[in-house]
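Taking it in order: structure first as structure tokens, then the write-up.
The values are calculated or read from the model by the stated rules, or taken from the named source; none is laboratory data. From a predicted model like this one, the values you see are computed outputs, not experimental measurements. Positions of Cβ are backbone-derived with ideal geometry, glycine not excepted, and every protein chain shown enters the neighbour counts.
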Amino acid sequence: GTAGPPTGHMVIAARSRSIHGPWENCPANPLVRTTSLDEKWWSRGHASLVEAPDGSWWSVYHGFENGYWTLGRQTLLDSVEWTDDGWFRMTGGDLSKPLPKPRGGKALPHGQPLSDRFDGPLALGRKWNFFKPGPDEQTRARVEEQSLLLKASGQAPSSSSPLLLTAGDQAYQFECDIEIEPGGVAGLLLFYDEKLYCGLGFDEARFVTHQYGMERGRPANPYGRRLRMRVTNNRHIISFHLSGDGGKNWTRFDRGMEVSGYHHNVRGGFLYLRPGLYSAGQGTARFRDFRFRGL
């Protein structure tokens, strides 16, 4: 299945004239399966059939990108053909490349911009999502004067319900201007769940490094209650940079991390490693000019 070897998942079909059977297995089973570790997509399985408005048929199923369990199960689309004997088959092709655009059609952009200047209503539920939110979690966040104001909750990311994005890039950077109130602690994260995350936070006197879902080193913070922080995820290698002048000059933080094991096959949960931000302790943290870019 999903958490087994990359070649262990599959799609099979059976048919019957009655839901009570008897059932006949498709002689072409398995219809979809990862057969080699060299393939672009691992653990392919859990297919659904969909008929399009034009009468064409498609299969929607999931797979892990080769070597990137951290990105979670991703959605794959495969065209379907019906055979003369009443079965169907996936037409396959090279799933490492996007589908060609329709003849005469226009290429459409995919995804959505993840950067956020916080100059309009917070895209909660469409871009940003709280982790395991409580009934009134959304009341913690509000946007004003091109800033996201996030009221503190809990004492650490494990208890603060961080605000997260879904990113599908193998490598990316994200950065933000962060200002805290006295007694507050805030920062940027790569978050799987409340037991497995990493990142960097700060209060007015010290930094706090997050690794394996634990709070570790607390070196001195020379920037005070406001700084700009950048996180780079370069294919599972994590580094942090800091700036006290709004991003004109950067200093690399002296600790890095490796996160290739922050995924379902280690922790369970069918989740994925997501970039995000958190506010804990006391008061309200102010986040400005959040920028995200794939590398």
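If you go through region 172-217 and keep only what is under 25 Å from PHE118 (Cα atoms) and either of a type in the set (Lys, Arg) or in a loop (DSSP other than H, G, I, E, B) (or both), you end up with ILE180, GLU181, PRO182, GLY183, ASP203, GLU204.
Of all residue pairs spaced 6 or more apart or on separate chains, those with beta-carbon atoms under 7 Å, a first member in region 263-286 that is touching a residue at least 40 places away in the same chain (Cβ under 8 Å) and under 8 Å from TYR192 (Cβ atoms) and a second member that is small (Gly, Ala, Ser) and surrounded by 15 or more Cβ atoms within 10 Å (Cβ to Cβ) are LEU271/GLY72; TYR272/GLY72; ARG274/ALA167.
Inspection of region 26-36 finds no residue satisfying the criterion of being of a type outside the set (Lys, Arg), within 22 Å of HIS236 (Cβ to Cβ) and not in a loop (DSSP other than H, G, I, E, B). Of all the numbered requirements in (1) among the small types (Gly, Ala, Ser); (2) closer than 20 Å to SER159 by Cβ; (3) surrounded by fewer than 19 Cβ atoms within 10 Å (Cβ to Cβ), GLY276 misses one, and that requirement is (3).
Considering every residue within region 132-145, establish whether at least one is in the same structural domain as GLY283 (by TED's automatic domain parsing), in contact (Cβ under 8 Å) with a residue 24 or more places away in the chain, of a type in the set (Ser, Thr, Tyr) and not in a loop (DSSP other than H, G, I, E, B). Within region 132-145 (the criterion being in the same structural domain as GLY283 (by TED's automatic domain parsing), in contact (Cβ under 8 Å) with a residue 24 or more places away in the chain, of a type in the set (Ser, Thr, Tyr) and not in a loop (DSSP other than H, G, I, E, B)), the answer is no, since none of the residues qualifies. The number of residues in region 39-55 being part of a strand (DSSP E or B), acidic (Asp, Glu) and in contact (Cβ under 8 Å) with a residue 12 or more places away in the chain comes to 0.
Counting only residues that are surrounded by fewer than 18 Cβ atoms within 10 Å (Cβ to Cβ) and either touching an Asp or Glu at 6+ places or on another chain (Cβ under 6 Å) or closer than 22 Å to ASP289 by Cβ (or both), which one in region 103-121 is modelled with the lowest pLDDT? Per the stated criteria, the residue is GLY111.
Residues checked against (1) modelled with pLDDT of 95 or more; (2) surrounded by fewer than 13 Cβ atoms within 10 Å (Cβ to Cβ); (3) over 30 Å from LEU271 (Cβ atoms); (4) in contact with a Gly (Cβ under 7 Å, 6 or more places away or on another chain):
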{"residue": "ALA14", "(1), (2), (3), (4)": "yes, yes, yes, no"}
{"residue": "ILE19", "(1), (2), (3), (4)": "yes, yes, yes, no"}
{"residue": "PRO22", "(1), (2), (3), (4)": "yes, yes, yes, no"}
{"residue": "ASN25", "(1), (2), (3), (4)": "yes, yes, yes, no"}
{"residue": "ARG33", "(1), (2), (3), (4)": "no, no, no, no"}
{"residue": "LYS40", "(1), (2), (3), (4)": "no, no, no, no"}
{"residue": "HIS46", "(1), (2), (3), (4)": "no, no, no, no"}
{"residue": "GLU51", "(1), (2), (3), (4)": "yes, yes, yes, no"}
{"residue": "ASP54", "(1), (2), (3), (4)": "no, yes, yes, no"}
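Among the residues of region 196-253 satisfying the criterion of being aromatic (Phe, Trp, Tyr) and more than 17 Å from SER279 (Cα to Cα), which is surrounded by the most Cβ atoms within 10 Å (Cβ to Cβ)? That would be PHE240. Residues in region 249-259 include none that are touching a residue at least 40 places away in the same chain (Cβ under 8 Å) and among the acidic types (Asp, Glu). Residues that are assigned to a strand (DSSP E or B) and in contact with a helix residue (DSSP H, G or I) (Cβ under 8 Å, 6 or more places away or on another chain): does region 149-159 have at least one? Yes: region 149-159 contains one or more residues that are assigned to a strand (DSSP E or B) and in contact with a helix residue (DSSP H, G or I) (Cβ under 8 Å, 6 or more places away or on another chain). Can GLY247 be described as of a type in the set (Gly, Ala, Ser) and at pLDDT below 95? Criteria not met by GLY247. Can you name every residue in region 256-286 that is part of a loop (DSSP other than H, G, I, E, B) and more than 18 Å from ALA186 (Cα to Cα)? Hits for region 256-286 are GLY256, VAL259, SER260, GLY261, TYR262, HIS263, GLY268, GLY269, PHE270, LEU271, TYR272, LEU273.
Candidates SER239, SER279: the one that is more than 30 Å from TRP42 (Cβ to Cβ), of a type in the set (Gly, Ala, Ser) and assigned by TED's automatic domain parsing to the domain that holds PRO162 is SER279.
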